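Enquirer: Mind looking over this structure? Questions follow.
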């Protein structure tokens, strides 16, 4: 997913015994009310995003037994009608809706010659009851595709060996920010970097930006660690993302200008803090962190400059992550495993923007 790439490797470490500052906390009910579960029929679902007019929601879900991997679905908010826009074969992730046009963006491996074989292999593994730790797959055949609302006129925008995913359009639809480890497949890594990548497949992933047609690709971050999950600010001038530590055990929230300048660290929690997303007001960022326990991810908010203490907004054991606000800023949708089967599904609730401002001492 665009945001959920907290690998088993990343989760394997212990939290640091101290943090730079403590995180403030208030009751979750102060922020989110009228909570409801959106997804019902899916086996698992998550990472929902809205078009600028709030008329469409795109998300990923596993629905049928014949494909064990996520596919991409587009939902008409008024009618409730759902359309699958991905091809149905291979793996898919990281969807987005164009702010004005009837186009969607997502990553897929359906052009991999082994796509169906990999699907069948996973199906047989599940039938055999084989258990394995969760680990995100940085498949080198992931490319970023654009398609119409009906899944037609599909176009490969990256067409480069390596993991190209976690993409989103800018608010004006002219740019796309994404994450990629294409350098690892281009022959430009040093011997030291090659060894590091072999030991840690989540490394060498950087943030890139390109024109909406796939041209003029520019690398924005330059680290050996994993920089990913980029989203544009509401005014389109900055990008928020999360940067993993070199050992993959921690991540912090960062922002930068869209040309890669003024890279600023926003959180200093020394935990796994990731999945950042701007509130439409542009005044604060919501993110997920396991500050309260190795596998207990909660939602927090922090001001865009990182000058205030982050404030906790959920308080349920388990996983709460991948938060996104509706374009008017009045509602929040996120992924949670607060279900009987402990499978990740979509939840939705009314968001108290005024309380968020007060809790961060913002005007």
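Enquirer: Which count do you get for residues in segment 163-213 that are part of a loop (DSSP other than H, G, I, E, B), under 18 Å from the mean Cα position of the chain (by Cα) and modelled with pLDDT of 95 or more?
Expert: Adding up the residues that qualify gives 5.
Enquirer: Residue 299 - would you say it is in a loop (DSSP other than H, G, I, E, B), modelled with pLDDT of 95 or more and surrounded by 21 or more Cβ atoms within 10 Å (Cβ to Cβ)?
Expert: Values: in a loop (DSSP other than H, G, I, E, B): no; modelled with pLDDT of 95 or more: yes; surrounded by 21 or more Cβ atoms within 10 Å (Cβ to Cβ): yes.
No.
Enquirer: Tell me which strands (runs of 3 or more DSSP E) are completely within segment 225-285 and hold 2 or more residues being over 19 Å from residue 176 (Cβ atoms), or say none if there are none.
Expert: Per the criteria, 238-244, 251-257, 273-278.
Enquirer: Quick one: is residue 290 at pLDDT below 95 and closer than 30 Å to residue 222 by Cα? Write out each step before concluding.
Expert: Details: at pLDDT below 95: no; closer than 30 Å to residue 222 by Cα: yes.
The answer is no for residue 290.
Enquirer: Quick check: is even one residue across segment 260-267 surrounded by 22 or more Cβ atoms within 10 Å (Cβ to Cβ), closer than 23 Å to residue 360 by Cα and either at pLDDT below 95 or touching a helix residue (DSSP H, G or I) at 6+ places or on another chain (Cβ under 8 Å) (or both)?
Expert: Within segment 260-267, none of the residues are surrounded by 22 or more Cβ atoms within 10 Å (Cβ to Cβ), closer than 23 Å to residue 360 by Cα and either at pLDDT below 95 or touching a helix residue (DSSP H, G or I) at 6+ places or on another chain (Cβ under 8 Å) (or both).
Enquirer: For segment 149-158, name all the residues that are farther than 20 Å from residue 220 by Cβ and either in a loop (DSSP other than H, G, I, E, B) or touching a residue at least 60 places away in the same chain (Cβ under 8 Å) (or both). Break it down into steps so the answer makes sense when it comes.
Expert: Taking segment 149-158 as the starting set, the residues that turn out to be farther than 20 Å from residue 220 by Cβ are 149-156.
Matches in segment 149-158: 149, 150, 151, 152, 153, 154.
Enquirer: Take the residues in segment 323-361 that are part of a loop (DSSP other than H, G, I, E, B) and at pLDDT 95 or above, then tell me which one is farthest from residue 96 (Cα to Cα).
Expert: We begin by selecting, within segment 323-361, every residue part of a loop (DSSP other than H, G, I, E, B); these are 326-330, 337-344, 352, 360-361.
From the residues that got through so far, the ones that are at pLDDT 95 or above too are 326-330, 352, 360-361.
Working: 326: 13, 327: 13, 328: 17, 329: 18, 330: 20, 352: 25, 360: 29, 361: 32 Å.
In this case the residue turns out to be 361.
The values are calculated or read from the model by the stated rules, or taken from the named source; none is laboratory data. Note that this is a predicted model, so its numbers are computed, not measured. No Cβ is skipped: glycine too gets one built from the backbone with ideal geometry, and neighbour counts run over all protein chains shown.
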